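In what follows, a single structure is set out as structure tokens and then discussed.
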Amino acid sequence: MKKSRFTDEQIIGFLKQAEGGMPVKELCRLGGFSDATFYKWRAKFGDMQASKATRLREIESENAKLKKLLAESTRVL
């Protein structure tokens, strides 16, 4: 999976700017990302605060490690 150029905190910052009244087209142009990317971020992060986004990233990382362990254990059997 391709890693994003932006951190979760930056993404939430962009979403907050849009909520503050900045037009999405202008925000996307200034940030250097597409409208589709913005709406995908909005679907994923919605009303999330930066601290919750950090926790989400930690949980996703832990989940990936657990999936890898499970795959390795089933492969050995």
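Of the conditions (1) out of contact with any Ser or Thr (no Cβ under 7 Å at 6 or more places or on another chain); (2) modelled with pLDDT under 90, residue 8 fails just one. Which one is it?
Among (1) out of contact with any Ser or Thr (no Cβ under 7 Å at 6 or more places or on another chain); (2) modelled with pLDDT under 90, residue 8 violates only (1).
Which numbered condition in (1) more than 19 Å from residue 7 (Cβ to Cβ); (2) more than 15 Å from the chain's Cα centre (by Cα) is the only one that residue 27 fails?
With (1) more than 19 Å from residue 7 (Cβ to Cβ); (2) more than 15 Å from the chain's Cα centre (by Cα) applied to residue 27, the lone miss is (1).
Please go through region 30-48 and pick out each residue that is under 12 Å from the mean Cα position of the chain (by Cα), surrounded by fewer than 13 Cβ atoms within 10 Å (Cβ to Cβ) and within 14 Å of residue 16 (Cβ to Cβ).
Matches in region 30-48: 46 only.
For region 49-77, name all the residues that are of a type in the set (Val, Ile, Thr), more than 29 Å from residue 18 (Cβ to Cβ) and at pLDDT 85 or above.
74
The values are calculated or read from the model by the stated rules, or taken from the named source; none is laboratory data. Note that the structure is a prediction, hence the values are computed from the model and not measured. Neighbour counts run over all protein chains shown; Cβ positions are idealised from the backbone, glycine included.
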